[in-house]
1. If I compute solvent accessible area with a 1.4 Å probe over the protein chains, what percent of it on the chain is carbon and sulfur?
2. Which whole-number percent is the relative contact order of the chain (Cα, under 8 Å, 6+ apart)?
3. For segment 68-79, what does the Karplus curve 6.51 cos²θ - 1.76 cosθ + 1.60, with θ = phi - 60°, yield as ³J(HN,Hα) per residue in whole Hz, taken in order and with x for Gly and Pro?
4. Please give the solvent-accessible surface of residue 58 in Å², to the nearest 10, using a probe radius of 1.4 Å with every protein chain present.
5. Only four residue types carry charge here, +1 at the Cβ of Lys and Arg and -1 at the Cβ of Asp and Glu. Report the dipole size of the chain about the Cα centre in Debye, rounded to the nearest 20.
6. Please calculate how many Å² of accessible area the chain carries per residue, with a 1.4 Å probe and no DNA, RNA or ligand atoms counted.
7. Rg to Rh ratio, the chain, alpha-carbon atoms and Kirkwood radius?
Amino acid sequence: SHPINPPTSYNMRLERLFDLSRMVHVDNIQGDNEEVLLYKIAVGLGFNPDNAKYVVDKALTLVANGVDLDTFIEQIKSMNT
């Protein structure tokens with residue numbers, strides 16, 4: 001119900017996903033509701049709805065493993081999303 005103005009570049013979208021994933025992880029608010037919300041935001045950012053769940057799962061795993069932004073972007077891009 002709230003409009004999302006996604007960044008125009010793919011790298012900026014990945015940076016936004018990285019920031020949101022870190023917020024979910026750092027605040028220890030992971031759970032079904034938060035993952036569903038992150039999925040919806042990922043779709044709003046322009047990720048393919050068929051792949052968004054996998055992207056979100058990968059994003060949360062990468063953030064939990066403490067990767068930096070460059071590694072995050074590289075790993076998400078390697079998923080061919």
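1. Answer for the chain: carbon and sulfur cover 49 percent of the accessible area.
2. The value is 37 percent.
3. Running phi through 6.51 cos²θ - 1.76 cosθ + 1.60 with θ = phi - 60° gives 8, 4, 4, 5, 4, 4, 4, 5, 5, 4, 6, 7 Hz.
4. Roughly 70 Å² of residue 58 is accessible to a 1.4 Å probe.
5. Charge dipole of the chain: 220 debye, to the nearest 20.
6. Details: 5200 Å² over 81 residues.
In whole numbers, the chain has 64 Å² accessible per residue.
7. On the way: Rg = 11.5 Å, Rh = 12.5 Å.
A ratio of 0.92.
The values are calculated or read from the model by the stated rules, or taken from the named source; none is laboratory data. Note that the structure is a prediction, hence the values are computed from the model and not measured. Quick reminder, even Gly has a Cβ in these numbers, built from the backbone with ideal geometry, and neighbours come from all protein chains shown. Protein only, heavy atoms only, side chains kept; ligands, DNA and RNA dropped before computing areas. Shrake-Rupley method; radii C 1.70, N 1.55, O 1.52, S 1.80 Å.
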